[in-house]
Every structure is written in structure tokens, then in C-alpha cells.
Amino acid sequence: MSTRNAIPLVFGEEVAEALAAGEPVLALESNVITHGLPYPDNAATAHKVEAAVRAGGAVPATIGVDDGRLLIGMGEKDIERFASTPGIPKVSSRDLPVVLARGGKGATTVASSLVAAELAGVPFFASAGIGGVHRGAETSMDISSDLVQFTRSKVAVVCAGAKNILDLNLTMEYLETQCVPLVSYRSDDFPAFYCASSGIRSPHRIDKPEVVARVVENHWAAGNDSAVVITTPPRAEDAVDSAVAEAALQEALAAAERDGIRGNAITKYLMRAIDKATGGRTSEANMAVLISTAETGARLAAAHARHRREHAE
Ligand code: PSU
Ligand code: MN
């Protein structure tokens, strides 16, 4: 009898077919559905995100934990259920073995979605905003597990950078220290989610999808078992002015301090407070960026699948 305790994976039918045929699949997180946006905006956005992935030429595989199993490609009904059920916990990498063992449900963050994607053999993932080093991390030590997971998962991560609620300079330093390649697709700067630029120059700009695919394969061919981070900026019409975003953040940070919010609840709290401070403007931008990032992620995943087909022995 095998003593191997394999993690149960449940593949969506379309995802399984695409993987078997070497066709592009793009993994997506579910924490952004349950914790990133309120119902029913979250369900509507998740559907638009999946449609955008298809428009970009890949099959969407939204990741979640249900009845102690990892879903690799949630169906429409799963997404609606996750979006509308209050209290589904945020599950990051370290929570994953516990939630699986208990047979529970969970919404996966970027970090735990990467664990699932690698187990499932999906090499590309997209999410609009990654976690990072928080402002004040020198005293709070609050660094998202997303960054640590990048050093452990062989998955390419397409994102619109990270929100200005984080310290983006320190986030980039962390990635550099940990030898995680960072490339910016069709822009010179590291984007700040709904702001087109964080004001920080990216180490590398790449304009051609096939060159991005080669970067990813080169990183893995060189023996690294880690992620490659690929940023794509928001579309000009969706972007929020940096000064407006920063002012709203300052207000939100003061409110968080007053309310004593800490730990893994801080991201959600700040996002809601910023949204309130901008009269819903950032929430609209948030949804638009999720959709446009997913579409670019799909195009890059498709270029990568093509690259693999052309270079298969
Ligand atoms: N950034 C956003 N929206 C989000 C998140 C981050 O703009 O919803 C979520 C993602 O699921 C990400 C997680 O993986 O927060 C990181 O949380 P923490 O900082 O607690 O590691
Ligand atoms: Mn944290």
C-alpha cells in the first residue's frame, strides 16, 4: 500500500482537456472573489475575468479549496457559491494543509494558488495585485507569503504590480534579493495596480510575448524552481491618478491605526477604506484592472504554450 498522501485535485473538464493537449491554461486566485470585492460585484467580475482569459486565448482555471480538495478550474456554480457565501476563509500557503485536512473550504491567495497551479501542472497564473512588503514592515515584519512563495513555485505570475498600500520599493528589493526575475511587459515602470506607474523603474522591459515566454523557460532551464514575475500596467482609461490614490491611502492608514487593524485583515480593511475615500472610484478601477490583467495573462500564457510546442523534443 502506498503511504503517499497525495493532495486531491479536482480538475474542471475544460482545464483537464487543455492541459492534456498542451493548450494554454491560466490559473487565477479566488481570495480576490471572496475578500477583494463585495457581492455581487465579485461574482460579476469573476465571470468577466474568465471571459477575458478566453478572449486572450487561454482556458481559465480559478483555484479554490472545497470539501478538502483543490479545485483546478471552478465552475460557474462554484464561483457564484464562493462569491455569495460569507465566511469562506482566506487560505494562504501555510493554511492550505490545515484546510485540506479538515475537509473545509477556502479562498486561495496568490501564494496558495501558486502551490495548486504547480501541483496541477499549470505554468501560468494571473492576478491583478500581488501581496508584498507592507509599509512599516521594519517593525511589523508584515511581508506577504506571496513573495516567499515566489521563491518556491515554478509558475509565471502576471500582475499589475501591487497596490500602494504596500512599500513597493521594499517589495522590489525583496524580489531582487531572492533572485526572482521581474520583467515589465510593454512598460518602463513597475505599475502600482490601478496607477500606471509606481514611480519605480522596472529592471527589464519586454515588448514581445515570445520573448517573455523565453525568459520564463530560460529561468527554469537554468535550474531555478521559482517564479518569474511579469507586470502589465492598467489601461490608460482605467488608471487612477497617483496623488488621488496616495491621499486616499493616508486616510485609510490613519483609520486602520485608529481601529487597531493588523495581520492578514489589513489588506481588505485598507482596500475598503480607500474605496470609501474615493467615492467608489478605486473599486471600479479595481474591477477593470482585474479584467485587463487576466486578458494579458492569457495572451502571455498562450505565447508560452506556443513556445513549448515549438521547442518540444
Ligand atoms: N492585493 C490586492 N487585492 C487582493 C489581494 C492583494 O490588491 O485581494 C489579496 C490576494 O489574494 C493576495 C493576498 O494574495 O491579498 C495577500 O494577502 P497578505 O498580504 O495577507 O499575504
Ligand atoms: Mn501579511
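The values are calculated or read from the model by the stated rules, or taken from the named source; none is laboratory data. From a predicted model like this one, the values you see are computed outputs, not experimental measurements. Please note: Cβ atoms are built from the backbone with ideal geometry, for glycine as well, and neighbour counts cover all protein chains shown. Heavy atoms of the whole protein, side chains included, go into the accessibility calculation; ligands, DNA and RNA do not. Shrake-Rupley method; radii C 1.70, N 1.55, O 1.52, S 1.80 Å.
Under a 1.4 angstrom probe, counting protein chains only, how are I266, I261, I230 ranked by accessible area, largest first?
On the way: I266 25, I261 45, I230 0 Å².
Descending accessible area places them as I261, I266, I230.
Relative to one another, the C-alpha centroids of the stretch 203-272 and the stretch 1-47 are positioned 21 Å apart. Once ligands and nucleic acids are excluded and a 1.4 Å probe is used, how much of F125 is accessible, expressed in Å² to the nearest 10? Surface open to solvent at F125 totals about 0 Å².
Once all protein chains are placed together, S140 keeps about 70 Å² accessible to a 1.4 angstrom probe. Dividing the mean sequence gap of close Cα pairs (under 8 Å, 6+ apart) by how many residues the chain holds gives a relative contact order of 20 percent.
Gaussian network model of the chain, Cα springs within a sub-10 Å range: biggest mean-square fluctuation belongs to which of E284, E76, E237? Maximum fluctuation in the GNM of the chain, among the listed residues, is at E237.
For the stretch 1-149, the square roots a ≥ b ≥ c of the C-alpha gyration tensor eigenvalues yield an a/c under 1.5, which makes the shape rounded. Sorting M74, M141 by solvent-accessible area of protein heavy atoms yields M141, M74, largest first, with a 1.4 Å probe.
Using a probe of 1.4 angstrom, how much of the accessible area of the chain is carbon and sulfur, in percent? Don't skip to the end; give the middle numbers.
Details: 7160 of 14210 Å².
For the chain, the apolar C and S fraction of the accessible surface comes to 50 percent.
Of A120, A247, A196, the residue with the greatest mean-square motion in the GNM of the chain, using alpha carbon springs below 10 Å, is A247. I130 contributes an accessible area of around 10 Å² to the protein surface, as traced by a 1.4 Å probe with all chains present.
Rounding to the nearest 20 debye, state how big the charge dipole of the chain is about its Cα centre with +1 on each Lys and Arg Cβ and -1 on each Asp and Glu Cβ. Could the numbers behind the result be given before it?
Details: 30 positive and 38 negative charges, 73 e Å.
The dipole magnitude comes to about 340 debye.
Rg and Dmax, both from the Cα atoms of the chain and both in Å, are 18.2, 62. When the residues R54, R94 are ordered by accessible surface, computed with a 1.4 Å probe over the protein chains alone, the sequence from largest down reads R94, R54.
The number of Lys pairs in the stretch 18-168 with C-alpha atoms less than 19 Å apart, excluding pairs fewer than 8 positions apart on the same chain, is 4. On full extension, the segment bounded by K208 and R69 gains 46.3 nm, given 0.36 nm per residue less the C-alpha separation.
Sequence gap at least 6, Cα distance under 8 Å: using those rules, report the relative contact order of the stretch 115-203 to the nearest whole percent. Walk me through the numbers on the way to the answer.
Working: 135 pairs, mean separation 24.9, N = 89.
Answer for the stretch 115-203 is 28 percent.
Selection among V148, G131, C159 by position relative to the dipole of the chain gives V148 as farthest towards the positive end (Cβ unit charges, Cα centre). Based on alpha carbons, the Rg and Dmax found for the stretch 115-167 are 12.4, 38 Å.
Rounded to the nearest 0.05, what FRET efficiency do E76 and T151 give with R0 = 30 Å and r taken as the Cβ-Cβ distance? Could you check? Intermediate values should be presented prior to the final figure.
On the way: r = 34 Å, r/R0 = 1.14.
With a Förster radius of 30 Å, E is 0.30.
Annotation: extensible slack from A243 through A55 equals 64.4 nm (criterion: 0.36 nm per residue apart, minus Cα-Cα distance). In plain terms, the bigger the Kirkwood radius, the slower the diffusion; for the stretch 69-216, with that radius from Cα pairs, at 10 °C and 1.306 mPa s, Stokes-Einstein puts D at 96 µm²/s.
Partners of K276 within straight-line reach, counting aspartates and glutamates whose Cα lies under 17 Å from its Cα and excluding those fewer than 8 residues away in the same chain: D41, D241, E246, E251, E257, D259, E284.
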